[in-house]
Amino acid sequence: MPVTGPFRIYVDPAPAGVELDVSHMIYALLRQLAADFDEDREGVGAELVAIAEADRAARGVDSQATHERDDLLETLLEKIGGGAVPVYGQQVLRLADRLRGLGRRRSVPRQREAGEVA
């Protein structure tokens, strides 16, 4: 875990690169959404229904419904805290080091031809 706060970020190897785990931030956003819904069930519920309806209507990247859905999502995301993951001070360097270390090409053993001995 190269980043400990304000949101933890885990960096793990993946077959074709790395996997960034930002679950800690997503949990915080979902908790805020739940709290907002608890305070204003009608308002937040209506926003979520509008997003679902726009998503069902979305056809292609340039459709009006796609733009409407994206605008609704952006507005809601900003209300609950935004999508940027802040990384400060030494954590920036630890994250960069971890990414650099895991991002280096890993050597893959060469496959042997049929009949070839090790």
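Rounded to the nearest 20, the size of the Cβ-charge dipole of the range 40-83 about its Cα centre is 160 debye, with Lys and Arg at +1 and Asp and Glu at -1. When you restrict to C-alpha pairs under 8 Å that are six or more residues apart and normalise by the size of the chain, the relative contact order lands at 28 percent.
Using only side-chain charges placed at the Cβ, +1 for Lys and Arg and -1 for Asp and Glu, the dipole size of the chain relative to its Cα centre rounds to 1080 debye. Summing Cβ point charges (Lys, Arg +1; Asp, Glu -1) relative to the Cα centre of the range 4-58 gives a dipole of roughly 200 debye. Put simply, the amide H of VAL3, placed in the peptide plane, has neighbours under 5 Å in ILE9, leaving out anything fewer than 5 places away on its chain.
Rounded, prolate or oblate for the chain? Axes are the square roots of the Cα gyration tensor eigenvalues, ordered a ≥ b ≥ c, and the cut-off for rounded is a/c under 1.5.
oblate
On a 0 to 90° scale, report how tilted helix 23-39 is relative to the longest principal axis of the chain, with both axes built from alpha carbons and the result rounded to the nearest 10. So the helix axis and the longest Cα principal axis differ by about 10 degrees.
A short reminder: the numbers here are calculations on the coordinates, not readings from a lab. Since the structure is predicted, the reported quantities are computational estimates derived from the model, not experimental observations. Virtual Cβ from ideal backbone geometry, glycine too; neighbours counted across all protein chains shown.
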